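Below is one structure, written out as structure tokens; the observations come after it.
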Amino acid sequence: MKLKKKTAMLMSFTLGTLLFATTALADIANKSGYEQLKDSLKLTAEKASGEFDSFTLDISFVVKDNGEIVMSQNQLEKYDRKNGASENTFSNEDISGRSYSGYNYFDKNTMIGFSNGDNTYHVTEFTDERKFNSFDNPFKQEEAEDVEKIADALVGSLKDYVMVNENPDGSRELSGSLSEVQIPPLVNAVSSFALKQEFNRPYEQRGLNLSKDIYVKEVKGTASVNKDGVLENVLGTAVLSGTDAQGKAHEISIEILGKMTDINSTVVTKPDLTGKNVVKEVAKSAEYGPEFSNPQKFVGKFKNDIVIEKDGKLVKAGERIVDITSIDSQSVSGRYHEEYAQGFEQMASKDKEFNFEGTFEQKSSRNARLTINTDSSKTYNGDMFFDEYAGKIYFNVNYLLSRRGYDSNYSPAFE
Amino acid sequence: MAVFQAALLNEVEKLYKKKKAFVAIILSLSMIVLGQLIIVGVRTGFGVRGVGSAEFPILVLSVVVNTILPLFTALVAIDSFSGEFSHNMMRITLTRPVSRFKVFSAKVTAISLFILANLLLLLVFSELAGFLFNANSASFGGFARTVLAYLVSFLPMLVLALGIVLLANIFKSGISVFFLSILFFLVFKVLGVFFSSYASLFITTHLDWYNLWLAHSFPGWKILRQLLIMAGYGIMLFTAGFYLFDKKEF
């Protein structure tokens, strides 16, 4: 009897261990749909940044209120890694009803921007050929691993909701759907609140002013992965439900669609600018600001008015004058002084005139750092910006700025 | 069987006579009241619905299953073993003509009855609160799912209880068992977050497995795997616990 009990115990313990060990191993080996989705996302990013010669991304984002579009963003991006060129066309309509669209083109030597609003092509030419990275792999960034861990923790037990459907040709369809019961209540409450804040524009005509009973009703997603494991198509939908102040029920759906097409067959063409409105700039490279062309044109006097209030009116009390005596692409020097009109001389403070010297910053060649030696032998710092288009200068000296009513915007003094 | 029934009755009676079980139930119910108050506050304060009537019981479950229920399961389990060891009550229990296996099983069964009763009470009251105070979003399907979620939560809780019983048989002092249980619980929770791919190895992650039963597209294989892991855990812990209980000298 005694022995039998021992054997029974031993057997049951072994059975338990075996049961646990085998299923645990199977469970770890089994890749959940969520893991598969993550893997194909990583693989796609890696191939896009290193293996594909060219590809096209089509991304759109639409928000609908009871089926009516209130906000949309469309973006068509073409990448040609081989030739180091990319272009993107976008059209957006924001929640207040403003819409804008445009086009951008990049290659090793050029950057072209066009927006339908001003109908002008802004062309920047780079004197140094820049290193072109058509697509950065987001998973290669330093914080990617931590972000992934956090995402995993947040997704938590929801990961088991991703279903996988394998097709005979090796491609896969991933899909997942969460209704209000499955979304953790805390997540639901926080995201509803965040979305409410995002959409509510109390001071504007449009905008979705939900005020009561807001909740996330449903979250759905599908993704298709081709036989190489590359994500070709992602569609995500979230439905938010609530009522506005008038008691009308709203169902707001947010849809995101991403497509990757024309792998290795995308062609990026540089736009033909003949006969178009073009503004051209030259810069050293993308990290540098545009170059300062012909700085000598800024030699001379620039001034603005000293304005004060007197007897209930604004009157001109004098002028501030910046006189640039010499300037080249490296440095600038000149003199600042204030001239007061008759009857206002008592306003003049000490240090109302001084000489300044400045050197231009490396990366932003229209901006100069200044050192100022005043008559009272104090040294001040400041900076100066040359606006080539408006033909103005901005003269910022910290002790002048601390005075009330100082105006740093100077126009050329034409006699 | 009659002997086992008598032993079980004895254990249930002991459990019933103690205040802990009552405190547990009262705390669980106050959890519902508190939860409902928070929901109402959030709703009027932020305009966010929080939960509908179908989701409220799930919200309560998600909180209780990770806080009050394991805590009081531990207390009851420890009381039933360590408490009796230290008060020399076990001798009295064992002088009865009942085998140790039956005493052990009766104790475990009494603990599971406590868990089950607590879960069912929570179910009834949270459903009631859900219907009374929240916008009606319930359907029969939703109700059935909620009942299912509560019922399946019994299993991981039982495994947890068996783990605590094992600890109670290893260590003499009830207090050290209690704190060790809490420590293990927290450590496993944290490990489950950081090593999410191995999360299914920890008992604590199974506490949330009712979520699987709520899924739109039923993840049958995942449920089966978790069920088998829990069964493996359960058998191991029960056997080990009984082995130690059997060896113990009083």
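For B:VAL3, indicate whether it is crowded, with 22+ Cβ neighbours inside 10 Å and over 24 Å from B:MET157 (Cα atoms).
Numbers: crowded, with 22+ Cβ neighbours inside 10 Å: no; over 24 Å from B:MET157 (Cα atoms): yes.
No; evaluated as a whole, the condition is false for this residue.
Does region A:281-307 hold any residues that are part of a strand (DSSP E or B) and at pLDDT 85 or above, and which are they? Matches in region A:281-307: A:GLY300, A:LYS301, A:PHE302, A:LYS303, A:ASN304, A:ASP305, A:ILE306, A:VAL307. The single condition among (1) under 28 Å from B:PHE22 (Cα atoms); (2) in contact (Cβ under 8 Å) with a residue 60 or more places away in the chain that B:GLY142 does not meet is (1).
Within the bounds of region A:368-391, is there any residue that is over 42 Å from the mean Cα position of the chain (by Cα), more than 27 Å from A:THR120 (Cβ to Cβ), in a strand (DSSP E or B) and not assigned by TED's automatic domain parsing to the domain that holds A:LYS108? Outline the logic, then answer.
Within region A:368-391, the subset over 42 Å from the mean Cα position of the chain (by Cα) is A:374-378.
Next, from what is left, pick out any that are more than 27 Å from A:THR120 (Cβ to Cβ): A:374-378.
Narrowing further to those that are in a strand (DSSP E or B): A:374.
Within this subset, residues satisfying the condition of being not assigned by TED's automatic domain parsing to the domain that holds A:LYS108 are A:374.
Yes, region A:368-391 contains at least one residue that is over 42 Å from the mean Cα position of the chain (by Cα), more than 27 Å from A:THR120 (Cβ to Cβ), in a strand (DSSP E or B) and not assigned by TED's automatic domain parsing to the domain that holds A:LYS108.
Contact map, region A:269-280: residues that are among the polar types (S, T, N, Q) paired with residues that are modelled with pLDDT of 80 or more, Cβ distance under 8 Å, separation 6+ or inter-chain. Pairs shown: A:THR269/A:GLU87; A:ASN277/A:ASN119; A:ASN277/A:THR120; A:ASN277/A:TYR121.
In this structure, A:GLY33 does not satisfy being surrounded by 15 or more Cβ atoms within 10 Å (Cβ to Cβ) and more than 14 Å from chain B (Cβ to nearest Cβ). Cβ separations smaller than 7 Å between residues 6+ apart or across chains give the following pairs from region A:152-163 residues that are farther than 14 Å from B:SER217 by Cα and at the interface with chain B (Cβ under 7 Å from one of its Cβ atoms) to residues that are at pLDDT 75 or above and surrounded by fewer than 19 Cβ atoms within 10 Å (Cβ to Cβ): A:ALA153/B:VAL193.
Within region A:370-415, count every residue that is basic (Lys, Arg) and at pLDDT 85 or above. Please lay out each step first, then the result.
We begin by selecting, within region A:370-415, every residue basic (Lys, Arg); these are A:378, A:392, A:403-404.
With at pLDDT 85 or above added as a condition, the list becomes A:392.
The total comes to 1.
Would you say B:VAL60 is surrounded by 22 or more Cβ atoms within 10 Å (Cβ to Cβ) and free of Cβ contacts under 8 Å to residues at least 12 places away in the same chain?
Details: surrounded by 22 or more Cβ atoms within 10 Å (Cβ to Cβ): yes; free of Cβ contacts under 8 Å to residues at least 12 places away in the same chain: no.
In short, no.
Check whether at least one residue in region B:22-39 is among the small types (Gly, Ala, Ser), exposed (fewer than 15 other Cβ atoms within 10 Å of the Cβ) and more than 24 Å from the chain's Cα centre (by Cα), and report yes or no. Checked against the condition, which is being among the small types (Gly, Ala, Ser), exposed (fewer than 15 other Cβ atoms within 10 Å of the Cβ) and more than 24 Å from the chain's Cα centre (by Cα), region B:22-39 yields no hits at all. Of the helices (runs of 4 or more DSSP H) lying entirely inside region B:161-235, those carrying at least 1 residues that are farther than 29 Å from B:THR146 by Cβ, more than 8 Å from every other protein chain (Cβ to nearest Cβ) and of a type in the set (Gly, Ala, Ser) are B:174-194. For region A:208-238, the set of residues classified as under 28 Å from the mean Cα position of the chain (by Cα), surrounded by fewer than 18 Cβ atoms within 10 Å (Cβ to Cβ) and not in a strand (DSSP E or B) consists of A:ASN209 only. Residues in region A:207-259 that are basic (Lys, Arg) and within 13 Å of another protein chain (Cβ to nearest Cβ): A:LYS212, A:LYS217, A:LYS220. Within region A:166-193, restricting attention to residues that are more than 10 Å from chain B (Cβ to nearest Cβ) and either part of a strand (DSSP E or B) or under 27 Å from the mean Cα position of the chain (by Cα) (or both), the residue that is surrounded by the fewest Cβ atoms within 10 Å (Cβ to Cβ) is A:GLU166. Of the set (1) in a loop (DSSP other than H, G, I, E, B); (2) crowded, with 23+ Cβ neighbours inside 10 Å, all apply to B:VAL98 but (2). The single condition from (1) over 18 Å from A:THR269 (Cα atoms); (2) out of contact with any Gly (no Cβ under 8 Å at 6 or more places or on another chain); (3) surrounded by 14 or more Cβ atoms within 10 Å (Cβ to Cβ); (4) at pLDDT below 85 that A:ASN137 fails is (2). Is there a residue being out of contact with any helix residue (DSSP H, G or I) (no Cβ under 6 Å at 6 or more places or on another chain), farther than 23 Å from B:LEU191 by Cβ, within 10 Å of chain B (Cβ to nearest Cβ) and not in a helix (DSSP H, G or I) anywhere in region A:135-142? No; the residues of region A:135-142 include none that is out of contact with any helix residue (DSSP H, G or I) (no Cβ under 6 Å at 6 or more places or on another chain), farther than 23 Å from B:LEU191 by Cβ, within 10 Å of chain B (Cβ to nearest Cβ) and not in a helix (DSSP H, G or I). Among the residues of region B:147-156, none qualifies, meaning not one is part of a helix (DSSP H, G or I), within 14 Å of another protein chain (Cβ to nearest Cβ), touching a Gly at 6+ places or on another chain (Cβ under 8 Å) and within 20 Å of B:ILE182 (Cβ to Cβ).
Name the residue, out of B:TYR198, B:TYR243, B:TYR233, that is touching a residue at least 40 places away in the same chain (Cβ under 8 Å) and not aliphatic (A, V, I, L, M). From the options B:TYR198, B:TYR243, B:TYR233, the qualifying one is B:TYR233.
The values are calculated or read from the model by the stated rules, or taken from the named source; none is laboratory data. The structure presented is a predicted model; accordingly, all values stated were derived computationally and were not measured. Ideal geometry is used to build each Cβ from the backbone, glycine not excepted, and the neighbour counts take in all protein chains shown.
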